[in-house]
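Since the structure comes first, as C-alpha cells, the remarks are kept for the end.
The values are calculated or read from the model by the stated rules, or taken from the named source; none is laboratory data. The structure displayed is predicted, hence computed values, not measured ones. Cβ sites come from the backbone with ideal geometry, for glycine too, and all protein chains shown count toward neighbours.
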Amino acid sequence: MFEVNVNGKNYISEQDMSVMTFLREKLGLTAVKNGCDQGACGACTVIADGKAIRACVMKLSKMTGKKIITAEGLSEREKEVYGYAFSKSGAVQCGFCSPGMMMAAKVLLDENKNPTRQQAALAIKGNICRCTGYVKIIYAILLAAKLFRENKPVPVHSGDERVGQRLARVDGIEKALGTGKYVDDIVVEGMAYGKAVRPPSPRCKVLSINKEKAMAMKGVLAVYTAEDIPGERYIGHLVWDWPVMIAVGEETRYIGDAVALVVTEQKCQLEEACKAVEVEYEILPPVTDVYEAQKDSAPQIHAQGIVKRGQLFIPKNNIFQHEEVKRGGDIEAVFTKAAYISEHDYYTPPTEHAFLEPECAIGIPDGEDAIKVITSGQSVYDELREICRMLGVEQDSSKVRILSAYVGGGFGGKEDMSVQHHAALITWLLRRPVKVLLSRKESMNIHPKRHSMRMHVKVACDKEGYLLGMQARILSDSGAYASLAGPVLQRACTHAAGPYNYQTVDIEGDAVITNNPPGGAFRGFGVTQSAFATECAINELAYMAGISPWEIRYKNAIRPGQSLPNGQIADAGTAYLETLEACKEYYHKYSKKDGYYVGIASAMKNAGAGVGNFDQGQCHLYVKDEIVHIRSSAAAIGQGLQTILVQIVCDTANLTLNQVVIQHPDTKYTPDAGTTTASRQTVFTGEATRRAAEKLYAALKEKSLKELDGQLFQGEFHFDSDPIGSPKPNPVSHVAYGFATQVVVIGKDGKAVSTCQAVDVGKAINSTSLEGQFEGGSVTSMGFALTEDFPLKDGVPQAKYGTLGLLRATDVPEITCKIVEKNTSEIAFGAKGAGEITAITFAPAIQNAYFQKDGVFRTKLPLEDTFYRK
C-alpha cells in the first residue's frame, strides 16, 4: 500500500505503478501528458517536494511522504500568470508539451523570480518541444517571472483581433494549463481497449492465426483478423495499397503491419493478450535497399498490384512512381559551355516526426448502426473516406462521424491511418466504445517518416557566376506503402532547381518500394531533401566563380515576370530578392568577424497541393445566440490556424473576439477543407473564411446578430492548377510560392551561435504565430542537419525517443526573424503558407558554414565531423 499527497490531498494505492499512470488513470489529472513513457520528453513533468520529476518513469513507491503538484494544483494566481504568459508569448503551438514546460518553469520561478535567458533555457532542458524552437517558451518564462516579481495583475485583452495584429492564441490558455483535451485525455463510460498484433520482422508470410488461447484469457473481449473486415481490406491516403490487417497467406511489408486486433476490458490486459495470439510466420529476407529493390531478382513487394488513381497498377522493379521536370533543351550542351560545374552525390536519411502526442483514437457507438470516432489526425474527411471504405458504407450515409480533439503535433506524420481505422472497426463489430493508443515505440515503428533520398545533382554556371542549368537524379525510399510518395517526389523534383532564373533543367526522380517503414509527408515535403543538395551546389559554384554565396543568389534570384524553373511565371508578389536583401547586413557583418563562419541558403515552397490536384478550402459561419461559430474541417496541428481564422472573421465582419468561437473539425457540422498539408490552409481555408465573413458582414448591415440567429454563411475557395509535365510553355503549378533566405553563423568550435531567417510570407496575419513558425522550423532543420537520424537494421527502427537526436532548449542558437510582406493579392489578404519553408534552409546553410570553417564539402546528413557529432 502506497500513500501519496497530490495537490494537497492524500491518496492511497494498493498497487505500485508509475506516477503518471496513477495521476492520469486513477485521479483523472490529464494535464500530465503521456508523451514518450520513456523519461525523455518531459511532457509528464510534475513537481515533487519542489523538484521537477518525470512522472512516467517514477514509481509511486518512491513518492511516499512527498508532496506532488500538477498543473491542476497551481494557485489561481499562478494559473492566471502562466496561462497569460504562455499564450501571449506564442509559447503554445500544438500545446502538448506546454503543461510540462510550465511545471518545469515553476520550479525555477519558485526559487528565482529574476532568471536570465540561460537559466530559463536550462530549467526546461529536460522538456522537448517539437513546434516552437523554444524561443517563445523562454520568453514566456521571463514574462511570467516579471509578473510575479512585480506582483502586477494579468493584463486584459487589448482588442488585437484584426488581421495583422498579434492576437494571442485563442486556444493558448487551456492548452498551457492542461485543461484542453487531447484524445487520450478523454474517457468514455464502458470503454474497452484495443491493440494490434504486429509481425516480428518486416517481411513475413502469415501461415496461420490461432486466437483461442487469447480468447480464453480474463478480460479479453475479442480478437479480430482480416476476415472480420466488412468492407474493403486495402485503404490508403491516396492509393489503395495499405491493408487494414494482413490476411493469412499474405506477406507483411513492414514492421508496423497489423496482423490481428485484440480488445480487452482493461488497458493493462492488452500486452499479455496480444502475446497470447498465436501467429505462425515464415520469416523472409526483407528488401531494404533502394538499389537492390530495383533489380529483376528482387522480390516484388506489391506483386498483386495496387489501386492507383482508380486503376490497377503493378509496380515494375518496385518503382512506385517516376517524375520528370525538363525544360530548356539539351542539358549536356549547357554543361559543355559552362565555366564551372558542381557535381556530387547527396544523401538525406529518414526522419522521425517526433510529435509529442502519440497516436490515439476512440470509437463510440452512435445509435444502432452508426459510430463516431474521436481522432487527432490532419483531416477528418480523409479519415472518414478510408474508414467508410473499410466498413463498406457510403461516405454520405451518416453511419460514420469523425470528430477531432486537440492535435498534439503532426508535421505530416498524422496524415495516414494509424489507429483511427482500428478503433472504428472494433467499435463497429463490438458495438462498444474502444480506445486504441500507440506506445511511443509503436508510433515510431508505424507512422511514415520523411523520405530518405539519394540525389545526384549537377549545376553549372558561367565565369561571372550566372547559372546556366542543372541536372538531378533523385531516388526516394518510399518504404512499404505509397502514403504521400508521389506528391513528395513531385515537390522534390519541381523545387530541385530552386528559386533561380536559369531555364535549362533536367530532373528525374523515382520513388522505390522497400520493406522499410513508409515514407510520407513531413514538413518541407520533399523540398527539404532536394533543396539541401541544390543549395550546397550553388554555394560551391560561388566559390569557384570567386564571388560570395550571397552574391551568386542575388545575381540569379527569380524576379517578378520571369519564369521559375518549372515554367510558372513569377507573379508580382514574388519577394525572393527582398529576403536576400533582408539578410544582407547580417550576412556581411558576420562574414567580417574573426572567429565566425557564415553560411547561407535559400528556398522556395509552394502553397497548396497544386499540380492539377483538386484544391479546396471551405468554411461555414453559423450564428447562434449572438455568437458566430466558425466551422471548418481544417485541422489545427500547432500552426495557429484557429487563431488565424478568428482574426479573418473579426476583421472582415467587424466583430470582436467575444462574438466569435471556433469549433473543432467534425464531419457532421464542419465542411471539407482538405488536408492540413502543403502549406495550404491559411491560403485556402483562410480565403474561404474571408468569403463567408464577407457574406455575414453584408447581412449585418441590415440585421443584428440576434436577428440572424440560426443562419449559415458559407465560403468556398478552390484553385485550378496545371499538372506536372503540362505541355503549356508557362503552366500554373500552384496558387502561390513563398521564398526564404537563411544565414547561419558558427563559432570556432563549430557550434551554431546565431541565425537569421527572412521569409516571404505574403501578408502577416499574425506575426507572433509566424515567428513561431520561423523559430520552430529553424530548429527542426537544425536537427535534420546536425543531430537527428532514424537508423534501421533490416528494416527495423533502432532508435528510442531519447536517442533520436532531438534538440533541447540549451542547444538552440539566437534566432532572428525577418518577415517580408509584399503580396497584394486579395486571396487570404495576400498570405502565403509559411509552415514548411521555414524548415528547409538551415541544413544547407550550416553545411556552407562548416565548409567555410574547415574546407570539407559534406554531402550527407546529419553532417559528419561537427561540434554536434563528436
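Only one of the listed residues (Ile513, Ile552, Ile558, Ile547) is of a type outside the set (Phe, Trp, Tyr), over 30 Å from Gly413 (Cα atoms) and within 29 Å of the chain's Cα centre (by Cα). That residue is Ile558.
Select from segment 819-841 the residues that are assigned to a loop (DSSP other than H, G, I, E, B) and charged (D, E, K, R) and write down the one among them that is nearest to Arg691 (Cα to Cα).
Applying the first criterion (assigned to a loop (DSSP other than H, G, I, E, B)) to segment 819-841 yields 822-826, 831-836, 840-841.
Among the residues that remain, those that are also charged (D, E, K, R) are: 822, 826, 832, 836.
On the way: Lys822: 22, Glu826: 11, Lys832: 17, Glu836: 25 Å.
That would be Glu826.
Per the listing Ala472, Ala497, the residue uniquely outside any strand (DSSP E or B), on the phi < 0 side of the Ramachandran plot and crowded, with 22+ Cβ neighbours inside 10 Å is Ala497.
Six or more apart or on different chains, Cβ under 6 Å: which pairs go from a residue in segment 736-755 that's in contact (Cβ under 8 Å) with a residue 24 or more places away in the chain and buried (at least 24 other Cβ atoms within 10 Å of the Cβ) to one that's of a type in the set (Val, Ile, Thr) and in a loop (DSSP other than H, G, I, E, B)? Could you list them? Listed by first residue and then by second, the contacts come to Ala740/Thr841; Gln742/Thr841.
One residue stands out in segment 428-473 among those that are in contact with a His (Cβ under 8 Å, 6 or more places away or on another chain) and of a type in the set (Val, Ile, Thr): the one that is farthest from Phe784 (Cα to Cα), namely Val436. The residues in segment 91-126 that are more than 19 Å from Thr179 (Cβ to Cβ) and not hydroxyl-bearing (Ser, Thr, Tyr) can be counted, and the count is 19. Of the residues making up segment 1-40, those that are of a type in the set (Phe, Trp, Tyr) and surrounded by fewer than 23 Cβ atoms within 10 Å (Cβ to Cβ) number 2.
Out of curiosity, is Ser478 in contact with a Gly (Cβ under 6 Å, 6 or more places away or on another chain) and farther than 19 Å from Asp672 by Cβ?
Considered against the rule, which asks whether it is in contact with a Gly (Cβ under 6 Å, 6 or more places away or on another chain) and farther than 19 Å from Asp672 by Cβ, Ser478 comes out as yes.
Within the option set Ser158, Ser98, being at pLDDT below 95 and either of a type in the set (S, T, N, Q) or more than 17 Å from Asn766 (Cα to Cα) (or both) holds for one residue only, Ser158.
Evaluating Asp749 against the criteria (1) more than 23 Å from Thr652 (Cα to Cα); (2) assigned to a helix (DSSP H, G or I); (3) not basic (Lys, Arg) leaves one unmet condition, (2). Per the listing Glu386, Glu359, the residue uniquely touching a helix residue (DSSP H, G or I) at 6+ places or on another chain (Cβ under 7 Å), in contact (Cβ under 8 Å) with a residue 40 or more places away in the chain, of a type in the set (Asp, Glu) and within 26 Å of Cys56 (Cβ to Cβ) is Glu359. Looking for whichever is modelled with pLDDT under 95, among the polar types (S, T, N, Q), assigned by TED's automatic domain parsing to the domain that holds Met453 and more than 22 Å from Val753 (Cα to Cα) here; the options are Asn556, Asn566. Which one fits? From the options Asn556, Asn566, the qualifying one is Asn566. Of the strands (runs of 3 or more DSSP E) contained entirely in segment 236-324, those carrying at least 2 residues that are touching a helix residue (DSSP H, G or I) at 6+ places or on another chain (Cβ under 9 Å) and either free of Cβ contacts under 8 Å to residues at least 60 places away in the same chain or surrounded by 20 or more Cβ atoms within 10 Å (Cβ to Cβ) (or both) fall at 260-264. Of all the listed residues (Gly479, Gly498, Gly465, Gly469), the sole one being closer than 19 Å to Leu238 by Cβ and of a type in the set (Gly, Ala, Ser) is Gly479. Among the residues that make up segment 504-527, is at least one of them crowded, with 24+ Cβ neighbours inside 10 Å, in contact (Cβ under 8 Å) with a residue 12 or more places away in the chain and part of a helix (DSSP H, G or I)? So far as segment 504-527 goes, yes, one or more of its residues are crowded, with 24+ Cβ neighbours inside 10 Å, in contact (Cβ under 8 Å) with a residue 12 or more places away in the chain and part of a helix (DSSP H, G or I). Of everything listed in (1) more than 21 Å from Asn766 (Cβ to Cβ); (2) of a type in the set (Gly, Ala, Ser); (3) buried (at least 22 other Cβ atoms within 10 Å of the Cβ), the single unmet condition for Gly126 is (3).
Step by step: first the residues of segment 593-612, then only those that are of a type outside the set (A, V, I, L, M, F, W, C) and under 26 Å from Asn501 (Cβ atoms), then the one that is farthest from the chain's Cα centre (by Cα). Which residue is that? Among them, the one singled out is Gly599. Taken over segment 830-852, the criterion of being of a type in the set (Phe, Trp, Tyr) and surrounded by 24 or more Cβ atoms within 10 Å (Cβ to Cβ) is satisfied by Phe842, Tyr850.
Taken over segment 548-573, the residue count meeting the criterion of being within 22 Å of Val505 (Cβ to Cβ) and outside any helix (DSSP H, G or I) is 15. Of the candidates Val107, Val163, Val156, the single residue that is out of contact with any strand residue (DSSP E or B) (no Cβ under 7 Å at 6 or more places or on another chain), touching a residue at least 12 places away in the same chain (Cβ under 8 Å) and not assigned by TED's automatic domain parsing to the domain that holds Asp49 is Val163. Has segment 779-790 got at least one residue that is surrounded by fewer than 20 Cβ atoms within 10 Å (Cβ to Cβ), without any contact (Cβ under 8 Å) to a residue 40 or more places away in the chain and within 17 Å of Asn445 (Cβ to Cβ)? Looking for residues that are surrounded by fewer than 20 Cβ atoms within 10 Å (Cβ to Cβ), without any contact (Cβ under 8 Å) to a residue 40 or more places away in the chain and within 17 Å of Asn445 (Cβ to Cβ), one finds none in segment 779-790, hence no.
Checking each residue in segment 415-434 for being surrounded by fewer than 24 Cβ atoms within 10 Å (Cβ to Cβ) and part of a strand (DSSP E or B) picks out no residue at all.
Each residue in segment 574-627 was checked for being part of a loop (DSSP other than H, G, I, E, B), touching a strand residue (DSSP E or B) at 6+ places or on another chain (Cβ under 8 Å) and buried (at least 20 other Cβ atoms within 10 Å of the Cβ), and 4 of them qualify. Being surrounded by 23 or more Cβ atoms within 10 Å (Cβ to Cβ) and under 19 Å from Ala764 (Cα atoms) is a property that does not hold for Thr675.
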